[in-house]
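The following block contains the structure, expressed as structure tokens.
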Amino acid sequence: MPALRIGLGFDLHRLAQGRRLVLGGVTIPFEKGLLGHSDADALCHAAADALLGALALGDLGQHFSDTDPAWKDADSLLLLGRVAEMVEAKGFRVVNLDATLIAEAPRLSPHFPAMAQNLARVLKVSADRVSVKAKTLEGTGEIGRGEAIAAQVIVLLEARA
Ligand code: MG
């Protein structure tokens, strides 16, 4: 029986004018983008927190401070890759990852395959082990009003033999 670890990640960023919208490393054409110190890629941040959580390694902000100039406008796929290296160094690998984006707009489904491919590449797994999907909040709350986008990610790790 392999040693299994499960991790859960969540992230939310506000939408603002004059920012690029980047999710799962994919730049999505939209009138607004997510506000943050890095590229504010909520999907990558939630994925990184899920990986760190699975191994009780803290959270993303602890490892990559949002006051550190080194991470200003950083490509969050690279941050996720750094976290994936930490997982590897602990002797674990990803079994599968499942993500739900929560966004009222834009329509994200055309971008799911590219997002899954990006995540799979940095996690060193095949794309069929990565699931990306999305929900709206039916117009309710901050996300429903288009003020923010959130991401939830769950990941399963197994010890490498
Ligand atoms: Mg974040």
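The values are calculated or read from the model by the stated rules, or taken from the named source; none is laboratory data. None of the values given here were measured: they were computed from a predicted structure. Cβ: placed from backbone, ideal geometry, glycine included. Neighbour counts: every protein chain shown. Only protein heavy atoms, including side chains, enter the accessible area calculation; ligands, DNA and RNA are left aside. Shrake-Rupley method; radii C 1.70, N 1.55, O 1.52, S 1.80 Å.
Using alpha carbons only, how many degrees (0 to 90, rounded to 10) separate the axis of helix 42-54 from the longest principal axis of the chain?
30 degrees
Using a 1.4 Å probe on the protein heavy atoms only, what accessible surface does Ser126 show? Give it in Å² to the nearest 10.
60 Å²
As a test question: what accessible area, to the nearest 10 Å², does Thr67 have when a 1.4 Å probe is rolled over all protein chains in place?
Roll a 1.4 Å probe over it and Thr67 shows about 110 Å².
Does the chain come out rounded, prolate or oblate by the C-alpha gyration tensor, with a ≥ b ≥ c the root eigenvalues, rounded set by a/c under 1.5 and, if not, prolate when a/b is larger than b/c and oblate if not? Don't jump to the answer; show the numbers that get you there.
On the way: a/c = 1.94, a/b = 1.50, b/c = 1.29.
The shape class here is prolate.
Once neighbouring chains are kept in place and the probe is 1.4 Å, which whole percent of the accessible area of the range 4-159 is contributed by carbon and sulfur? Don't skip to the answer; put the middle values down first.
Numbers: 3900 of 7440 Å².
The nonpolar share, carbon plus sulfur, comes to 52 percent.
How many angstrom lie between the Cα centre of the range 106-133 and the Cα centre of the range 10-78?
Each part reduced to its Cα centre gives a spacing of 16 Å.
Let me ask something else. What whole-number value in Å² describes the accessible area per residue of the range 4-159 for a 1.4 Å probe? Don't skip to the end; give the middle numbers.
Working: 7440 Å² over 156 residues.
For the range 4-159, the solvent-accessible area averages 48 Å² per residue.
Report the charge-dipole magnitude of the chain in Debye, nearest 20, computed about the Cα centre from +1 at each Lys and Arg Cβ and -1 at each Asp and Glu Cβ.
Here the size comes out at about 360 debye.
If each residue of separation counts as 0.36 nm, what is the full-extension length gain between Gln17 and Leu35 once their alpha-carbon separation is subtracted? Walk me through the numbers on the way to the answer.
Numbers: separation 18, 0.36 × 18 = 6.48 nm, distance 0.88 nm.
Stretched out fully, the Gln17 to Leu35 stretch lengthens by 5.6 nm.
Sticking with this structure for a sec: Mind checking which lysines have their C-alpha under 29 Å from Lys32, skipping anything on the same chain fewer than 8 residues away?
Cα-Cα hits under 29 Å: Lys72, Lys133, Lys135.
In whole Hz and in residue order, list the ³J(HN,Hα) couplings for the range 10-23 that follow from phi through the Karplus curve 6.51 cos²θ - 1.76 cosθ + 1.60, θ = phi - 60°; x for Gly and Pro.
Couplings: 9, 8, 9, 10, 6, 8, 9, 5, x, 10, 7, 8, 10, 9 Hz.
Once the Cα atoms of helix 76-89 and of the chain are each reduced to a long axis, what angle between those two axes, in degrees from 0 to 90 to the nearest 10, is obtained?
10 degrees
Right, here's the next one. Which value in deg cm²/dmol, rounded to the nearest 500, describes the helix-derived mean residue ellipticity at 222 nm for the chain, given -39,500 (n - 2.57) per DSSP H run of n ≥ 4 and division by the residue count? Intermediate results must be reported in sequence, preceding the final value.
Values: 5 runs with 47 residues, N = 161.
-8500 deg cm²/dmol, from helical runs alone.
Hey, another quick one. Leaving ligands, DNA and RNA out of it, rank Arg19, Arg129, Arg145, Arg107 by accessible area with a 1.4 Å probe, largest first.
Values: Arg19 60, Arg129 100, Arg145 150, Arg107 175 Å².
From most exposed to least exposed: Arg107, Arg145, Arg129, Arg19.
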